[in-house]
Amino acid sequence: MPIYVYILSGFIIIYALVFLLYKNRMRKTADTFNNLDLNSEARNAATYQMDYLEGGYAFIKEQLKTTPVDAFTSARAQHTPTDEAKDMAKNLVKGAATMGTVRFRTVHTPKYLVLSGDSLHLLDTDKNGDISAHLIFDRQRLTNSTLQETTKPGGSSFMQQKFGNYSLRTYKLSLNTDDQPIVLDLYSSFLNIGPQNQGSVALRVQDMVPQFVVGGNFLNKLGNKYPNLKVTTDLPNI
């Protein structure tokens, strides 16, 4: 039998296994979230948040020192098709300067929003994951800021992510400054924002619940504190 037949068969088997794993994950996700006691999970928000702050996101707690963390979430720089085109043009110019010997790609870094009392802290990170900027927005700034749910174009599998019957919601936050506002995208779930300005949902279904709860809790608490920043979420406001 020709070798290409074996190669083709191998690809078919691999594809079938990946498809089955994906379908199994989607089924488990649907079962978990469709049977979730949202009121109970909303009351678990503080526990999930502390698990993050004591674990992989301990640097947030360290940065704020003695300042309490009422709620937090991840965010990313808003990136429109125009911004993407600018990045591509900039990277091409840089590549041309090296006669094509070096390929450049714009790296975006995660941002974190921390609500503490009446203040909102914006933590920016560098490519090494270290805090590179720490901005604080007071009540006056936040009263003059805006938050609205946005509709993202379809085509990105990430943006079509579902938590059972709950779709991942996207919001545009515009923070008031003396100059141009700082505009960020954030989500109904706490996500791991990567260097391509994209967020990832946990692979394990049991890890998706804390993401869902912590992200929704931040939005609810922010809206409770500032009615002008109140948006619709799927997590009960407890």
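Figure legend. Inter-residue proximity from region 119-131: first residues of a type in the set (Gly, Ala, Ser), second residues modelled with pLDDT of 95 or more and assigned to a loop (DSSP other than H, G, I, E, B), beta-carbon distance below 8 Å, spacing 6+ or different chains. Indicated pairs: 119/138. Tell me which residues, restricted to region 207-216, are over 17 Å from residue 69 (Cβ atoms) and either surrounded by 21 or more Cβ atoms within 10 Å (Cβ to Cβ) or touching a strand residue (DSSP E or B) at 6+ places or on another chain (Cβ under 7 Å) (or both). Scanning region 207-216 gives 208, 212. Within region 30-46, the set of residues being under 30 Å from residue 125 (Cβ atoms) and outside any helix (DSSP H, G or I) comprises 44 only. Given the structure, is residue 137 aromatic (Phe, Trp, Tyr), modelled with pLDDT of 90 or more, over 15 Å from residue 78 (Cα atoms) and under 23 Å from the mean Cα position of the chain (by Cα)? Criteria met by residue 137. Inspect region 184-206 for any residue being at pLDDT 90 or above, surrounded by fewer than 16 Cβ atoms within 10 Å (Cβ to Cβ) and assigned to a strand (DSSP E or B) and give the result as yes or no. No; the residues of region 184-206 include none that is at pLDDT 90 or above, surrounded by fewer than 16 Cβ atoms within 10 Å (Cβ to Cβ) and assigned to a strand (DSSP E or B). Being in a loop (DSSP other than H, G, I, E, B), touching a strand residue (DSSP E or B) at 6+ places or on another chain (Cβ under 9 Å) and modelled with pLDDT under 95 is not true of residue 237. When the residues of region 96-116 are filtered to those that are in a loop (DSSP other than H, G, I, E, B) and open to solvent by less than 30 Å² (accessible area, probe 1.4 Å), which remaining residue is modelled with the highest pLDDT? The selected residue is 110. When region 47-69 is filtered for residues that are farther than 18 Å from residue 121 by Cα and open to solvent by 70 Å² or more (accessible area, probe 1.4 Å), the ones remaining, listed by number, are 47, 51, 54.
The values are calculated or read from the model by the stated rules, or taken from the named source; none is laboratory data. Not measured: the values here are computed from a predicted model. We place every Cβ from the backbone using ideal geometry, glycine too, and count neighbours over all the protein chains shown. In case anyone asks, the SASA skips ligands and DNA or RNA and just uses the protein heavy atoms, side chains included. Shrake-Rupley method; radii C 1.70, N 1.55, O 1.52, S 1.80 Å.
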